[in-house]
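The numbers here are math on the coordinates, done by the rules we state, and not lab data. Just so it is clear, the structure is predicted and the values come from calculations on it, not from any experiment. So basically every Cβ, Gly included, is an ideal-geometry build from the backbone, and we count neighbours across all protein chains shown.
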Number of protein chains: 2
Amino acid sequence: MIQENLAECRVGVIGLGLMGGSIALALRGKVQSISGYDIDPDVIRRALDRRSIDFSIDLADQTDRIDLLILAAPVGAILDWIPRLPKIMAGSFHLIDLGSTKSLIVEVMNQLPDRITPLGGHPMCGKEISGLAAADTNLFRERVFVLTPLERTLPATTALAHQMIAAIGAQPLTIDAERHDRFAAAISHVPYLTSIALVAAAAANEDQLIWNMAATGFRDSTRLAASDVTMMLDILLSNRSAMLKAVARVQASLQELAELIERDDRSGLRAYLDKIREQRIALNT
Amino acid sequence: MIQENLAECRVGVIGLGLMGGSIALALRGKVQSISGYDIDPDVIRRALDRRSIDFSIDLADQTDRIDLLILAAPVGAILDWIPRLPKIMAGSFHLIDLGSTKSLIVEVMNQLPDRITPLGGHPMCGKEISGLAAADTNLFRERVFVLTPLERTLPATTALAHQMIAAIGAQPLTIDAERHDRFAAAISHVPYLTSIALVAAAAANEDQLIWNMAATGFRDSTRLAASDVTMMLDILLSNRSAMLKAVARVQASLQELAELIERDDRSGLRAYLDKIREQRIALNT
């Protein structure tokens, strides 16, 4: 029987990096037990040592031990894990992932047998750091936690996900996977690319002194360029079509701005900048 | 005779916004007196009320009253003020401006009579807020203060500028105006344009829900889009050729990244991102 009460759930977390380690910490004391697995045995040991997890998941001996499985690996690893789950995990359980892109993941989730009830998830709280050492019980607090349901997602899984989101202090936002990926490209993944492009363009001056002039504006605008590359590669390449559309939009906007500057069109430039400034300021309110 | 000791200087500040108000506050007690002027009489009154300045500058009656004049207006206003100075300011004095672009300003400074000894300046501490109310005595602390000397700049003016920079807690960096403008385009003004382009691209989804997903990454990457538009217009349009080159570099980098994503070239993309990540991380050390 499928568990519907978070407090009684035996939770399993696969991937004990920043996200997995943080959700394990945030759920401690609010669930029956938390087990964990990571491809790096050292990370499992450290998670046990700091009591982020109660025990490790033995992939060779899984007989109905988990009610809620959370996949907290990078997108590529999540896509590898999902088709393996029917072989290594027994019984009925809820499955939620924390991957940064959703369309490919829910497509693969859709192939799972009925006993596994999937739901896509994405907490909007990236840091440019990664790893268990950075895990933080408050990582999700007041952040948006996106849920991307499949047609087959059971009401019980959705209800449990909402309990989990409330337990970690986040705010739920339910949208379909395609819309999530389009939004994420624009507000998360393309800003990473512009960060990269800004550093590349500054470096193209081939003059070390330029870095001495870099103030907080540049540091903030390029903070994302320090993100973990493996994680970002998975994200960029698993969301290609939305990425390319969003990059093209940024390129078109830069082109329009450059043309206004080239024509010395002060009033046209002012109208463009005023409008965008208002939209950005509205974000703070 | 030209004053060479900061403590004995009668300092005048034209423009009492964020920069002018802050430098007045930061120099208080370290100079003989601070007088101020702003095109908005209300601002002058408020600066007197909060004792940012000791008295106001009477433009109709300037008889050898200032040893160091600081132009702290937006670039366009600075360019208007400089040619007026010989008519309204008597005696010999040092002139330093705080404008965000330097080539046009030092060109205009170069036309001044010998009794006015000019030096270009640019403290690297922009905020996306402006105005006297935001003025802060610590605004310049540990920030880089760029000096762009002219050929005619006197050693005494340079020495006084270094005393002033030390007094406000900043770090001097001396480079020529052309190099400053090229650097500033890459590390300050193009990041503003990418901030604008990111907000414009997100808004192009025409879906209000996208803003709910905007996390710290997007907010940091687009913070500059809230900058004062009049100030930014002056900056962008007074540094057109460096701006257009820097924008073209960012566009070329985005194009290269988009092509790597389109070709699904994981190893090429990894090499590009790894290299830039290292450069960005080096900025923090």
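Let me have the relative contact order for region B:1-152, percent, based on Cα pairs under 8 Å that are six or more residues apart. Over region B:1-152, the number comes to 26 percent. Modelled label positions at B:Glu107 and A:Ser33, each set 7 Å beyond Cα in the direction of Cβ, lie 7.6 nm from each other.
How far is the Cα center of region B:170-220 from the Cα center of region B:94-159, in Å? Cα centroid of region B:170-220 versus Cα centroid of region B:94-159: 23 Å apart.
Using a cutoff of 8 angstrom between alpha carbon atoms and counting only pairs six or more residues apart, the relative contact order for region A:139-247 works out to 30 percent.
Show that you can apply the helix-only estimate: for chain A, add -39,500 (n - 2.57) for every DSSP H stretch of four or more residues, divide by all residues, and state [θ] at 222 nm to the nearest 500.
-14500 deg cm²/dmol, from helical runs alone.
The ranking of A:Thr153, B:Thr174, A:Thr194, B:Thr137 from fewest to most other beta carbons within 10 Å of each one's beta carbon is B:Thr174, B:Thr137, A:Thr153, A:Thr194.
Packing, taken as the mean count of other beta carbons within 10 Å per residue, orders the peptides B:17-26, B:41-50 from highest to lowest as B:17-26, B:41-50. Exposed loop GluC sites (Glu not before Pro) only (DSSP loop, at most 16 other Cβ atoms within 10 Å): please give the longest stretch of chain A free of them, not including the sites. Longest stretch, sites excluded: A:5-141. Look at the stretch B:225-233: the mean tally of other chain Cβ atoms within 10 Å of its residues' Cβ atoms is 5.
Shown for A:Pro113: label points 7 Å from Cα along the beta-carbon vector, and their distances to the equivalent points in the other copies, 9.6 nm in ascending order.
I need A:His189, B:His162 ordered by Cβ neighbour count within 10 Å, fewest first.
Going from least to most buried by this count: B:His162, A:His189.
Take each residue in B:263-274, count the other chain C-beta atoms within 10 Å of its C-beta, and the mean is 3. Taking the label point 7 Å along Cα→Cβ, B:Asp80 and its counterparts in the other copies are spaced 6.4 nm apart, in ascending order. Ordering B:Arg51, A:Arg10, A:Arg182 from the fewest to the most neighbouring beta carbons within 10 Å gives B:Arg51, A:Arg10, A:Arg182. Sort region A:169-285 into rounded, prolate or oblate with this rule: let a ≥ b ≥ c be the square roots of the eigenvalues of the Cα gyration tensor; rounded if a/c is under 1.5, and if a/c is not under 1.5, prolate when a/b is larger than b/c, oblate otherwise. Verdict is oblate for region A:169-285. Place a label point 7 angstrom from the Cα of A:Ala248 along the Cα-to-Cβ direction, then list the residues of region B:245-274 whose backbone nitrogen is under 17 Å away. Only B:254-264 fall inside the zone, counting backbone N under 17 Å. Modelled this way, with points 7 Å down the Cα-to-C-beta line, the labels at A:Ser267 and A:Asp58 are 7.9 nm from one another. When Rg and Dmax are taken over the Cα atoms of chain A, they come to 21.3, 71 Å. The calculated FRET efficiency for the pair A:Ile129 and B:Ala90, based on their C-beta separation and a Förster distance of 60 Å, comes to about 0.55. Loop-resident trypsin sites (Lys or Arg not before Pro) (DSSP state other than H, G, I, E or B) in region A:251-283 with no more than 16 further Cβ atoms inside 10 Å of their Cβ: A:Arg263.
Using only the Cα atoms, what convex hull volume per residue in Å³ does the protein assembly as shown have? The partial results should precede the final answer.
Numbers: hull volume 88.9 nm³, N = 570.
Per residue, the Cα convex hull of the protein assembly as shown comes to 156 Å³.
Using r as the Cβ-Cβ distance of A:Lys275 and B:Glu178, and R0 as 25 Å, what FRET efficiency do you calculate, to the nearest 0.05?
Numbers: r = 33 Å, r/R0 = 1.31.
E(calc), rounded to 0.05, equals 0.15.
For B:Gln208, the distances from its label point to the matching points in the remaining copies are 5.3 nm, ordered from shortest, with each point set 7 Å beyond Cα toward Cβ.
Close amide H contacts of A:Asp97 (hydrogens built in the peptide plane, cut-off under 5 Å, sequence separation of 5 or more or a different chain): A:Leu71, A:Leu119, A:Gly121.
Between the alpha-carbon centres of region A:1-57 and region B:1-76 there is a gap of 61 Å.
Projecting the Cα atoms of A:Leu95, B:His189, A:Gln32 onto the dipole axis of the protein assembly as shown, where Lys and Arg carry +1 and Asp and Glu carry -1 at the beta carbon, places A:Gln32 farthest toward the positive end.
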